[in-house]
Amino acid sequence: MENISKMEMAKALFEKPYIKVEKKFFGFTTNVTYTPTNSPVVGRCLDYALADGEKVKQLAFAAPGEVVTLIKKDGKPETFPNGHWRLSLCYSKDRKFAALCFSEFVGFEYKTIEGPRFLEGDDAEKILQAFVK
C-alpha cells in the first residue's frame, strides 16, 4: 500500500468534502476515511507495460457501465514491474469510493496524463473490479 499523502492526487483527494484526513503519531501517519460509509481509504500504484497503456486508460476512464463489457472483450490488464504506465488508485475498503490518476514515465519521472477521477457508490465498485482483486 502507498502513503496516500505522498501521491500526486493527494491534494485534490483531501479537498473532497466526503474525505476525512487525520494525522497521527506526530504527523508521521495519515489516516484517510471515506465519511459516507466510514470506511478507511487505501492507496496503490499499479505499473503496466508500454503495450497495455491504452487498455488501462480505456478501463480507468470508461463509463462505469462499460467496464464489464471491456473486461469481457479484452480481459483485465496485467501489472508489470517498473512499467511505462502507472495507475494511481485510492479506494475505500468497502469499494464505495475510488480515485484514479493515470501517468506516463517520461524524463525519469511519472507525469500525469489524465485524472484524478473520483467515483462513488456502484460506479466506484464497477471501475475497481478491473484493477483490485
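Annotation note: GluC sites (Glu not before Pro) in the stretch 1-106 located in DSSP loop regions with a Cβ neighbour count of at most 13 within 10 Å are 15, 78. From helices alone, the chain scores -5500 deg cm²/dmol at 222 nm; the rule is -39500 (n - 2.57) for each run of n ≥ 4 DSSP H residues, then divide by the residue total. Simple rule: put +1 on each Lys or Arg Cβ and -1 on each Asp or Glu Cβ in the chain, find the dipole, and look at 71, 48, 131; the Cα lying farthest toward the positive end is 131.
In this Cβ point-charge picture (+1 for Lys and Arg, -1 for Asp and Glu), the chain has a dipole of about 340 debye about its Cα centre. State whether the chain is rounded, prolate or oblate according to the following rule on the C-alpha gyration tensor (a ≥ b ≥ c being the square roots of its eigenvalues): a/c under 1.5 gives rounded; otherwise a/b larger than b/c gives prolate, and the remaining case gives oblate. Verdict is oblate for the chain.
For the stretch 1-59, with only Lys/Arg (+1) and Asp/Glu (-1) charged at the beta-carbon, what is the dipole magnitude about the Cα centre, in debye rounded to 20? Here the size comes out at about 240 debye. In this structure the chain gives 57 Å² per residue of accessible area when probed at 1.4 Å with all protein chains present.
What longest region of the chain stays clear of chymotrypsin sites (Phe, Trp or Tyr not before Pro) that DSSP places outside H, G, I, E and B and that have at most 15 other Cβ atoms within 10 Å?
With a cap of 15 other Cβ atoms within 10 Å, the longest stretch comes to 62-107.
Spin-label model, residue 72/residue 31: points 7 Å from Cα along the beta carbon direction are separated by 4.2 nm.
Counting protein heavy atoms only, the stretch 8-133 has 52 percent of its accessible area on carbon and sulfur, 1.4 angstrom probe. Of the residues 79, 33, the one with the largest accessible area comes first in the ranking 79, 33, computed with a 1.4 Å probe on protein heavy atoms.
The values are calculated or read from the model by the stated rules, or taken from the named source; none is laboratory data. Bear in mind that the values here come from a model prediction, so they are computed numbers and not experimental data. Backbone-built Cβ (ideal geometry, glycine too); neighbour counts: all protein chains shown. Just so you know, the surface numbers come from the protein's heavy atoms only, side chains and all, with ligands and any DNA or RNA stripped out. Shrake-Rupley method; radii C 1.70, N 1.55, O 1.52, S 1.80 Å.
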